[in-house]
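Step one of this worksheet: look at the structure below.
All of the numbers you see were taken from the coordinates with simple rules; none came from a lab. A quick note: this is a predicted structure, and the numbers were derived from the prediction, not measured. Reconstructed Cβ throughout: ideal geometry from the backbone, glycine too, with neighbour counts over all protein chains shown.
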Amino acid sequence: MTVSVNQIVEAQAHIGTLKNEAHPKTSKYWSEVTNGVVVINPESVAQQLEDAKATIQKAKAAGKEILVVCEKKMYAAELEALAKKTGVSYLNYKVSGGFLTNFDTFKKRIDSINEMASFMESEAYAALTKKEQLVYKRNFDRANKVYKGVTNLKKRPELVIVVDGTMLSTLIDEVENLKGKLEAIVIAGTNFSRYWPENELVVTNINSYTSIDFVLNYLLS
């Protein structure tokens with residue numbers, strides 16, 4: 001299935017930031033500025049979505065570990081559901097610095113969460129007092145809130161999809177440091193200020209629930 005210009009317009013995925021917030025590096029993707037708001041060329045969005053989807057499909061076919069990172073609170077629950085449906089890992093709460101570059105350290109935390117989850121289903125957990133169970137579960141919930149979307153990761157992600165490259169600039173730094181060791185697709189607004197390979201970039205509306213939902217559903221489904 002290919003994406004159409006009409007679908008992009010209906011999802012408002014072609015609406016950029018205010019002109020005074022936009023970065024000149026994204027200007028080649030603009031079609032016009034209306035009432036002080038940048039309008040992105042919908043044909044450009046369509047082509048970038050097609051390129052990104054091809055990369056994701058290739059990664060899936062190769063059995064690669066795929067991670068979607070989006071800290072947008074308005075899309076947290078939906079990302080969790082979409083990631084589970086499409087079989088990818090996700091981070092939708094707060095991304096800790098070093099998650100990619102120091103993944104071995106975070107893998108130990110992930111393994112610990114999985115061990116805690118297994119323990120909570122054991123007879124040993126059932127034998128604890130109600131107070132002990134409550135304390136244990138509270139500690140589990142605190143850790144699981146952040147990392148529940150990556151508990152199935154066996155190794156560092158091989159393809160990372162970043163939603164809002166400006167908001168997640170620290171993660172973008174890590175991606176750049178790991179060039180050659182992983183692939184990345186950056187979904188960014190017209191305020192994105194970095195030079196990024198065109199086949200790894202989707203310049204779109206990242207401030208709208210409708211647009212984010214459309215873009216991620218198209219890319220991952």
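Brief remarks follow.
- Among the GluC sites (Glu not before Pro) found in the range 130-208, not one is both in a DSSP coil and sparsely packed, with 13 or fewer other Cβ atoms within 10 Å of its Cβ.
- For the range 70-182, the gyration tensor built on C-alpha atoms gives a prolate shape. Its axis ratio a/c (a ≥ b ≥ c) is at least 1.5, and a/b is the larger of a/b and b/c.
- Which of 110, 66 has the fewest Cβ neighbours within 10 Å, and the rest in rising order: 110, 66
- Entry for semi-axes √(5λ) of the Cα gyration tensor in Å (calculated from the structure that is shown) out of (1) 31, 22, 14; (2) 38, 18, 16; (3) 36, 17, 16: (3)
- FRET efficiency, 1/(1 + (r/R0)^6) with R0 30 Å, evaluated for residue 74 and residue 114 via beta carbons: 0.55
- Each residue in 140, 214 was given a count of other beta-carbon atoms within 10 angstrom of its own, and listing them fewest first yields 140, 214.
- Rotationally averaged projected area of the range 104-150 (alpha carbon convex hull; nm²): 3.2 nm²
- About the centre of its Cα atoms, the chain shows a dipole size close to 700 debye [charges on the beta carbon of Lys, Arg (+1) and Asp, Glu (-1) only; nearest 20 debye].
- Leading residue at positive end of dipole, the range 95-221 (Cβ point charges), from 113, 151, 100: 113
- Just so you know, the Rg over Rh for the range 1-79 is 1.03, from Cα atoms, with Rh as the Kirkwood radius.
- In terms of surrounding Cβ atoms within a 10 Å radius of their Cβ, 26, 166 rank from fewest to most as 166, 26.
- Considering all different alpha carbon pairs of the range 49-136, the Kirkwood hydrodynamic radius works out to 15.9 Å.
- Inter-probe distance in nm under a simple model that places probes 7 Å from Cα toward Cβ, at residue 105 and residue 21: 3.3 nm
- Between the range 81-125 and the range 58-79, the alpha-carbon center distance in angstrom: 14 Å
- Alpha carbon convex hull of the range 144-208, volume per residue in cubic angstrom: 107 Å³
- Cα-Cα P(r), the range 29-74, percent of pairs per 5 Å interval: 5, 17, 14, 14, 19, 17, 8, 4, 2, 0
- Estimated 222 nm signal from helices in the chain, with DSSP H stretches of n ≥ 4 weighted -39500 (n - 2.57), rounded to 500: -13500 deg cm²/dmol
- Among 17, 129, 34, residue whose mean-square fluctuation peaks in a GNM of the chain (springs only between Cα atoms under 10 Å): 129
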